[in-house]
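Asks: For reference, the structure I am asking about is given below.
The values are calculated or read from the model by the stated rules, or taken from the named source; none is laboratory data. Note that this is a predicted model, so its numbers are computed, not measured. Every residue, glycine among them, receives a Cβ derived from its backbone with ideal geometry; neighbour counts consider all protein chains shown. Side chains are part of the model used for accessible areas, which takes the heavy atoms of the whole protein and leaves out ligands, DNA and RNA. Shrake-Rupley method; radii C 1.70, N 1.55, O 1.52, S 1.80 Å.
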Amino acid sequence: MQKRFRSIVVLTGAGISAESGLGTFRDKDGLWTKYDLQEVATPEGFARNPVLVHDFYNARRKNLVEAAPNAAHYALAELERRFDGQFLLVTQNVDDLHERAGSARLLHMHGELLKIRCENCDSVRDWRGDLDLATACPDCGASGGLRPHVVWFGEMPLYMDDIAAALETCDLFVSIGTSGQVYPAAGFVAEVRRGGLAHTVELNLDPSDGFSLFAEKIYGPATDVVPAFVARVLAAG
Ligand code: BJW
């Protein structure tokens with residue numbers, strides 16, 4: 001890669017955390033092969049059976065606390081640290097492995113597993129333990145209104161204005177470890193292409209649903225392909 005870039009947007013999905021032991025959603029053995037997403041990842045499912053949804057996220061929170069960042073997370077943190085242009089990491093992941101690897105210019109568009117939100121007073125708090133219907137909100141004291149601070153199907157993803165602004169001006173867009181099945185993230189590559197200026201790259205284990213929209217594609221485990229790609233970008237200046 002010869003070109004020097006001035007503004008980079010990286011989008012990550014569950015595949016970047018797979019080698020840290022966190023399950024993806026749609027792969028063989030993925031979370032959606034074991035759980036009905038309508039029951040655990042929609043506001044309607046939560047209203048129908050909040051105990052099931054709390055159990056699902058309590059187990060995921062516990063797994064996350066036991067997991068560690070991998071070489072792909074560390075490579076992106078190094079890219080942010082050493083790249084002297086604009087940089088934004090947008091993750092669909094609710095885990096905190098990017099932060100633990102050292103990433104700081106980072107937006108969690110689908111929320112964060114280690115945060116909870118009160119539907120009664122809207123406060124958002126860090127939370128590492130279990131949550132149940134009896135847990136009282138630390139801010140307003142109400143019980144029964146706490147939920148994971150994550151974005152379910154049918155809900156609006158977070159930071160969309162900031163993300164749109166970064167996509168509009170970037171000259172390198174890199175998508176890592178995502179199946180390209182969930183919108184609006186799956187539409188980012190098309191948005192970037194409409195601008196006509198950016199180089200677009202997919203790094204994934206297998207071709208995603210939107211693979212044909214990317215100018216460059218590199219397939220392999222994230223812990224191999226991401227550090228190698230980051231080294232190329234940094235070597236280009
Ligand atoms: C590796 C690897 C390794 C494995 N190395 N790679 C019809 C058409 C279009 C849209 C819609 C539609 N009907 C409904 C919609 C909208 C809906 C949607 O997209 N539905 C689709 C299913 C069709 N979207 C929404 O509802 C969103 N909100 C919304 O659209 O609001 C309106 C709006 C309008 C306009 C602008 C903006 C907004 C909200 C979506 C919320 C998604 N929530 C979840 C759960 C979060 C909480 C939790 O974690 O429990 O987010 S679902 C789940 O999917 C999670 C993920 O972030 C998301 C994406 O999954 P991801 O990351 O791509 O994982 P996988 O498993 O799918 O793929 C993993 C990839 O990694 C694979 O490709 C592997 O090959 C690869 N891999 N190992 C590298 N070692």
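Asks: Taking helices (runs of 4 or more DSSP H) that do not extend beyond segment 1-78, which have at least 2 residues that are of a type in the set (A, V, I, L, M), surrounded by fewer than 16 Cβ atoms within 10 Å (Cβ to Cβ) and in contact (Cβ under 8 Å) with a residue 40 or more places away in the chain?
Replies: Counting at least 2 such residues, we get 50-66.
For (1) of a type in the set (Gly, Ala, Ser); (2) under 22 Å from residue 231 (Cβ atoms), each residue gets a yes or a no:
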position	(1), (2)
6	no, yes
30	yes, no
41	yes, no
47	yes, no
50	no, no
62	no, no
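Asks: Let me ask something additional. Across segment 151-182, what is the number of residues that are open to solvent by 50 Å² or more (accessible area, probe 1.4 Å) and either polar (S, T, N, Q) or at pLDDT below 95 (or both)?
Replies: 2
Okay, residues lined up against (1) within 12 Å of the ligand (Cβ to nearest atom); (2) within 25 Å of residue 100 (Cβ to Cβ); (3) within 18 Å of the chain's Cα centre (by Cα):
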| residue | (1), (2), (3) |
| --- | --- |
| 8 | no, yes, yes |
| 31 | yes, yes, yes |
| 43 | yes, no, no |
| 54 | no, yes, no |
| 57 | yes, yes, yes |
| 71 | yes, yes, yes |
| 74 | no, yes, yes |
| 80 | no, yes, yes |
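Asks: Something else: Would you confirm, using the coordinates I've provided, whether residue 99 is under 12 Å from the mean Cα position of the chain (by Cα), open to solvent by 60 Å² or more (accessible area, probe 1.4 Å) and more than 10 Å from the ligand (Cβ to nearest atom)?
Replies: Considered against the rule, which asks whether it is under 12 Å from the mean Cα position of the chain (by Cα), open to solvent by 60 Å² or more (accessible area, probe 1.4 Å) and more than 10 Å from the ligand (Cβ to nearest atom), residue 99 comes out as yes.
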